[in-house]
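The values are calculated or read from the model by the stated rules, or taken from the named source; none is laboratory data. Remember, it's a predicted structure, so these values are computed and weren't measured experimentally. Heads up, the Cβs are rebuilt from the backbone with ideal geometry, glycines too, and the neighbour counts pull from every protein chain shown.
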């Protein structure tokens, strides 16, 4: 994991600016001030550092995560399948960005099973990750991608593992910040407001446990 972050995913302040803006103008409206937010695969903490709520929890197998988190965030260095440290029925908003394409399907399914009992009534799972339908040319440029999902197959996988998809945005964001385009809060806001999103290759799916429907 250390070598992966040093070569494939080094820290980039543009990525932090991207997620700060996404939290401010999109995700924060989905999170209340008294909510508990859990980020699975938190990495550099770009999301969890910028979301505002009562309780924030970050999980990642990478030990380097801890040094990037703001004070007050509960950090757990472990597999995302290990959720025993979190009380049942306490998580209002679970979030994962660019995580599940790195996991075997058995581990993904195990994570979903364990997450269901951690979510509150009405709690949601929110997933952002590459959509293979639009990112097939670049998908395996990341050598740690071992599972393939499109917006359609990911929705089906969630369904057979006890979740109901409530929102599906096949083209939510461009695939990467590694381009000549500047990372600007103004441009990010404009992009999110566009009804048609050119270069959109990352999807966003929101889901709730079947029992909550």
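Things to note:
- Residue that is surrounded by the fewest Cβ atoms within 10 Å (Cβ to Cβ), among those in segment 29-45 that are touching a strand residue (DSSP E or B) at 6+ places or on another chain (Cβ under 8 Å) and farther than 12 Å from residue 94 by Cα: 32
- Filter pass, residue 131 being over 19 Å from residue 165 (Cβ atoms), touching a residue at least 24 places away in the same chain (Cβ under 8 Å) and in contact with a strand residue (DSSP E or B) (Cβ under 6 Å, 6 or more places away or on another chain): no
- Residues that are modelled with pLDDT of 90 or more, touching a strand residue (DSSP E or B) at 6+ places or on another chain (Cβ under 9 Å) and surrounded by fewer than 15 Cβ atoms within 10 Å (Cβ to Cβ), drawn from segment 166-191: 166, 167
- Taking segment 110-165 as the range and being assigned to a loop (DSSP other than H, G, I, E, B) and either crowded, with 20+ Cβ neighbours inside 10 Å or in contact with a helix residue (DSSP H, G or I) (Cβ under 7 Å, 6 or more places away or on another chain) (or both) as the test, the residues that pass are 131, 144, 145, 146, 147, 148, 149, 150, 161, 162.
- If you check 41, 32, 45, 64 for being touching a helix residue (DSSP H, G or I) at 6+ places or on another chain (Cβ under 7 Å) and under 30 Å from residue 194 (Cα atoms), only one passes: 45.
Residue by residue, here is whether (1) without any contact (Cβ under 8 Å) to a residue 40 or more places away in the chain; (2) closer than 20 Å to residue 172 by Cα; (3) part of a helix (DSSP H, G or I) holds:
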{"site": "15", "(1), (2), (3)": "no, yes, yes"}
{"site": "18", "(1), (2), (3)": "no, yes, yes"}
{"site": "21", "(1), (2), (3)": "no, yes, yes"}
{"site": "28", "(1), (2), (3)": "yes, yes, yes"}
{"site": "33", "(1), (2), (3)": "yes, no, no"}
{"site": "49", "(1), (2), (3)": "yes, no, no"}
{"site": "53", "(1), (2), (3)": "no, no, no"}
{"site": "56", "(1), (2), (3)": "yes, no, no"}
{"site": "64", "(1), (2), (3)": "no, no, yes"}
